[in-house]
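All remarks here apply to the structure that follows.
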């Protein structure tokens, strides 16, 4: 079964609003990463949070990790049209060195 | 560094033909991954290498697919014979496994394969 289902599958917001995406997983992880994919492009790494961390920030991005609930969230504050993309969470599963398991992604549309 | 380089960027071929996709990872990276992305199945890991050795090829769909990594700077993914259902975007990614923990993967721009 899929490791890491993103929720929602699609999200449409207006510029300036915040966007929150969620990711759930099923097995033990070493870390969880978020990636962005613009249409027709490869994935780009955004942020990594390790299993012993609960929250990380990077610019307008805030990631939380709740290992007891096996879930993570990505918050993009003050969204911009340029944030329009698909966002994927990827799990570094314990015991599978360097291998990541990607979720199904959230398609974010930010309109002016 | 130029990042992960993939070629060709687009490939259109006819059913039954052999297709070879190429990847040059970032210099110094010791892991290389091949993924396939489709609307129906999302992003699937096909195979990955560590120090040029295949570690896990359980994602390779069938014997028509094969991958090699003859040296640290080059890998190929071959499909022979190709079928229309192989149409997808194929990504190569590389990472450096420093400190014993999973690290960031750097993706190439992908090869869009269309099999007619």
Going through the stretch A:1-49 one residue at a time, which ones are crowded, with 17+ Cβ neighbours inside 10 Å and assigned to a loop (DSSP other than H, G, I, E, B)? A:3, A:4, A:25, A:42
Regarding the stretch B:5-15, can at least one residue be identified that is closer than 26 Å to residue A:48 by Cα and either crowded, with 19+ Cβ neighbours inside 10 Å or at pLDDT 95 or above (or both)? yes
Mind counting the residues in the stretch A:10-37 that are more than 11 Å from chain B (Cβ to nearest Cβ) and over 10 Å from residue A:88 (Cα atoms)? 16
Check every one of the strands (runs of 3 or more DSSP E) wholly within the stretch B:35-116 and list those with 1 or more residues that are more than 14 Å from every other protein chain (Cβ to nearest Cβ) and surrounded by 17 or more Cβ atoms within 10 Å (Cβ to Cβ). B:65-71, B:74-79, B:111-115
Identify all residues within the stretch B:16-52 that are without any contact (Cβ under 8 Å) to a residue 12 or more places away in the chain and touching a strand residue (DSSP E or B) at 6+ places or on another chain (Cβ under 8 Å); write none if there are none. B:42
Output the number of residues of the stretch A:60-102 satisfying the condition of being under 21 Å from residue A:43 (Cα atoms), within 14 Å of chain B (Cβ to nearest Cβ) and outside any strand (DSSP E or B). 4
Any chance you could count how many residues in the stretch B:25-34 are surrounded by 19 or more Cβ atoms within 10 Å (Cβ to Cβ) and within 11 Å of chain A (Cβ to nearest Cβ)? 4
Only residues that are modelled with pLDDT under 95 and touching a helix residue (DSSP H, G or I) at 6+ places or on another chain (Cβ under 9 Å): list them for the stretch A:63-112, please. A:97, A:112
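The values are calculated or read from the model by the stated rules, or taken from the named source; none is laboratory data. Computed from a predicted structure; not experimentally measured. Quick reminder, even Gly has a Cβ in these numbers, built from the backbone with ideal geometry, and neighbours come from all protein chains shown.
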